[in-house]
Amino acid sequence: MDNTEDIIGDSFLADLDDLSFCDSKEEDMNVSVNYDDLESVSKLQKTQGYLDMMKKVEDKLENKGNMSDLGDDNLEYKLIVECNALSADIDSEIVTVHNFIRSHYRHKFTELESLVPHPVDYAQVVKKIGNETDLTLVDLQGLLPSDSIMAVIASTTSGKPLPEENLKKTIDACDCILSLDLGKNKVLEFLESILGYVAPNLAVLVGSAVAAKLLGTAGGLPALVKMPACKVQLLGAEEKILAGLSSAHFRKQILKKIEKWQEPLPVRDADHKKKRGGGRISKKKHRYGVTNTRELVNQIQFGLPEESFLDDRFGEGYGMLGPSGSEEVRLPIRWRRLVAHFTKKFKDMHVVRSGASTGFTSCQAFTHAQGI
Amino acid sequence: MRLTKKKEVDSVIRDTIDKVLVLRFGKASDLVCLQLDDILEKSVREVSKFASMALVDIESEDVQVYVKYFDITLLSSTIFFFNAHHMKMDSGTADHTKWIGAFQRKQDFIDVVEAIYRGAMKGKLIVTCPLPPERIPRFQLIFKDV
C-alpha cells in the first residue's frame, strides 16, 4: 500500500548525493499533516531547494581553499541570505519533527519532554532509550549534562512501552532530526567561511550568525557600511516586532488591552501633580513669569484714559508706564515701525478727532495736545 | 438598584459616601424613562468609581413625600446627591434642582456626572452643565387650570 508521497520520495532519493535523510516508508494512508505520518510532517529534506543548497554547501566545504569565485558582491550577499533562510527553515523543521516525536514518545515516557527540552538532545535520548523500561540500563553519558542524566534515570514514569510500528516511526524521526542538525551545522560552517571572506572582522566581533543576519537585513556589505549607527540598531528591531507577533504573546497583549478598556473610568483629579516649592523652583518660574514692566503695563490709572503708543484707540496701552506713570518708555522696534506707518496713514484722523466724538473716547480728549 | 420605600431611599442617600448618587425618579413603563434607564445601565460600571445609581418608582405610595418635596411631575427626573447634599446643576433650563428627561448619549451623562463630582469635590453646591444647549432636553411648562 504505497501512497503517492512514497513515489515522489523515491524519485528525490535518486537525486541525492552523500546526504543521509529520513525515508520512512509509512504504510499509512493518511496524507494530511497529522502526527502519524513522518513524511507529511517533515517535508523540508525532500524539497529541491534544500537539496541544492546542501549540495553547494558540501562542495564548498570540501574545497575550502577556493573562495575566489565569490568575486561578485551580489553573489556573496545572495548566498548569505540563502544560508540564513536555510538555517531558519531547518530550525522550524526540527521543531515540527520534535513535536512529532513527542506526540509518540510521551505515551512511553511523559516526563522526558520537560526534563530534556532541547529538540536535538531529546531526539538523541529517545534514540538511546528506545523501548527500554529499565532506565538504569541505558547509558546517556555524553548526551546530556550529568544532573540531567540523573534526573532522567531517577524519574519513574507511568508510560507503557510503544508498539513496534510506532517505535520505528519515532526512531526514524529521531534520525531525521539528527541529520537536520548536522545539515544545519554544515550550513553554519559554510556561512562562517563565507563571512570570513566577505566581512572577517565583523564575523569575529559579533559572531558569524549575528554577522550573517546583519548583512542579510542590511542588504549586503556596501549597504551595511553606509548606514549610520542609529540605523544599525534598527536592523534588529524588525526581528523583535516579528517575535511580538507570535500568536500566544500577541493574544496576551490583546487580552490585556481589552481588560484595560473595560475598567471603570478613573476618578478625576484624584492624582495630584507634585508641585514643588523652594527658592530654586520659584526663581525658575519667575524667568517665564510676569515681569515688573508687564505688571505696570497691566495696571491702569483710575479715571484717566489709557495712553498708547499709537493713539488712545489703537495700539497697546502703556498702563502705568509712560506718560501716566513715571517710567520712561522705550518702544520695541515693531511698535516704532507701526507708529511711523500709523502717523502717515491716519494723520488726518488726529485733526478730526479733537472735535468730533468717537465711539471709544469722550468728546473731550485728554492728550498731550491738550497739554496734560 | 430599584427602590420602592422611603426608608430605602433614605439609606441610599445617607450611605453613599464620596460618590455622586444618581437618583432617577420615574415610571419604568414610560418611553423617555426607558431611554434614560438604558443609558444609566450602560454607564453604571464605567462611572462606578465616582458615582452610584438608584432608580425610584414614583408610583409607589411610600416615596410620595419625596415626589412632593422635589416637585417631580410626569417625566422622569434625575436628582444628584453628594454626601447627602443635594447638588444643583444649571443647564440653562428653568429648574436647576434636577435633570428632566433623558440623555442623548452615554458620554453626555458621564460628562454631567463628572461635572457634578468635580464641583462637589471643590465644595460647590451648584455646577454648570458641560453640555451644549442642543443636547439638553427642553420641555414646555404647561400650567393646568391656571
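A few points about this structure:
- Applying a threshold of 9 Å to beta carbon distances and a minimum spacing of six or more residues, or different chains, the list of pairs starting in the stretch A:264-275 at a residue that is more than 12 Å from every other protein chain (Cβ to nearest Cβ) and ending at one that is open to solvent by less than 100 Å² (accessible area, probe 1.4 Å) reads A:K275/A:I281.
- Residues of the stretch B:129-142 satisfying the condition of being more than 13 Å from chain A (Cβ to nearest Cβ) and surrounded by fewer than 18 Cβ atoms within 10 Å (Cβ to Cβ): B:P132, B:P133, B:E134, B:R135, B:P137, B:R138, B:F139, B:Q140, B:L141, B:I142
- Test: residue in the stretch A:171-180 that is hydrophobic (A, V, I, L, M, F, W, C) and open to solvent by 20 Å² or more (accessible area, probe 1.4 Å): yes
- Scanning the stretch A:256-283 for residues that are more than 29 Å from B:V47 (Cβ to Cβ), part of a loop (DSSP other than H, G, I, E, B) and open to solvent by 80 Å² or more (accessible area, probe 1.4 Å) returns a single hit, A:R276.
- Residue satisfying all of: in the stretch B:67-83; in contact with a helix residue (DSSP H, G or I) (Cβ under 9 Å, 6 or more places away or on another chain) and modelled with pLDDT of 90 or more; farthest from the other protein chains (Cβ to nearest Cβ) among these: B:S77
- Residue within the stretch A:116-138 that is under 19 Å from A:T47 (Cα atoms) and either of a type in the set (G, A, S) or in the same structural domain as A:L214 (by the TED database) (or both) present: no
- Residue match in the stretch A:296-305 (condition: touching a residue at least 40 places away in the same chain (Cβ under 8 Å) and part of a loop (DSSP other than H, G, I, E, B)): yes
- A:F250 vs. criteria over 30 Å from B:V44 (Cβ atoms), outside any helix (DSSP H, G or I), more than 14 Å from chain B (Cβ to nearest Cβ) and out of contact with any Asp or Glu (no Cβ under 9 Å at 6 or more places or on another chain): no
- Residues in the stretch B:8-21 that are in a helix (DSSP H, G or I), open to solvent by 60 Å² or more (accessible area, probe 1.4 Å) and either under 19 Å from B:K88 (Cα atoms) or in contact (Cβ under 8 Å) with a residue 40 or more places away in the chain (or both): B:R14 only.
- Some residue of the stretch B:87-103 being without any contact (Cβ under 8 Å) to a residue 40 or more places away in the chain, within 14 Å of another protein chain (Cβ to nearest Cβ) and under 30 Å from A:A270 (Cα atoms): no
- Matching entry among B:V20, B:V56, B:V32 (being closer than 19 Å to A:L265 by Cβ and not aromatic (F, W, Y)): B:V20
- Verdict on A:Q253 being out of contact with any Phe, Trp or Tyr (no Cβ under 7 Å at 6 or more places or on another chain), loosely packed, with under 10 Cβ neighbours inside 10 Å, on the phi < 0 side of the Ramachandran plot and outside the structural domain of A:E316 (by the TED database): no
For every residue, the table says whether it meets (1) part of a loop (DSSP other than H, G, I, E, B); (2) farther than 25 Å from A:S87 by Cβ; (3) β-branched (V, I, T); (4) free of Cβ contacts under 8 Å to residues at least 40 places away in the same chain.
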| residue | (1), (2), (3), (4) |
| --- | --- |
| A:K108 | yes, yes, no, no |
| A:T156 | yes, yes, yes, yes |
| A:E189 | no, no, no, no |
| A:L195 | no, no, no, no |
| A:L202 | no, no, no, yes |
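- Consider the stretch B:22-62 and keep the residues that are in a loop (DSSP other than H, G, I, E, B) and in contact with a Phe, Trp or Tyr (Cβ under 7 Å, 6 or more places away or on another chain). The one that is surrounded by the most Cβ atoms within 10 Å (Cβ to Cβ) is B:F50.
- Residue within the stretch B:105-128 that is more than 14 Å from chain A (Cβ to nearest Cβ), surrounded by 13 or more Cβ atoms within 10 Å (Cβ to Cβ), within 25 Å of B:R45 (Cβ to Cβ) and of a type outside the set (D, E) present: no
- Residue in the stretch B:75-82 that is open to solvent by less than 50 Å² (accessible area, probe 1.4 Å), more than 16 Å from B:V22 (Cα to Cα) and in contact with a Lys or Arg (Cβ under 8 Å, 6 or more places away or on another chain) present: no
- The residue pairs whose first member lies in the stretch B:45-64 and is touching a residue at least 12 places away in the same chain (Cβ under 8 Å) and more than 7 Å from chain A (Cβ to nearest Cβ), whose second member is small (G, A, S) and open to solvent by 20 Å² or more (accessible area, probe 1.4 Å), and whose beta carbons are closer than 8 Å, counting only pairs six or more residues apart or on different chains, are B:L55/B:A28; B:D57/B:A28.
- Answer residue from the stretch B:76-123, given it is in contact with a strand residue (DSSP E or B) (Cβ under 8 Å, 6 or more places away or on another chain) and part of a loop (DSSP other than H, G, I, E, B) and is nearest to B:K27 (Cα to Cα) among those: B:S76
The values are calculated or read from the model by the stated rules, or taken from the named source; none is laboratory data. Computed from a predicted model, the values in this text were never measured in an experiment. Please note: Cβ atoms are built from the backbone with ideal geometry, for glycine as well, and neighbour counts cover all protein chains shown. For accessibility, only protein heavy atoms count, side chains too; no ligands or nucleic acids. Shrake-Rupley method; radii C 1.70, N 1.55, O 1.52, S 1.80 Å.
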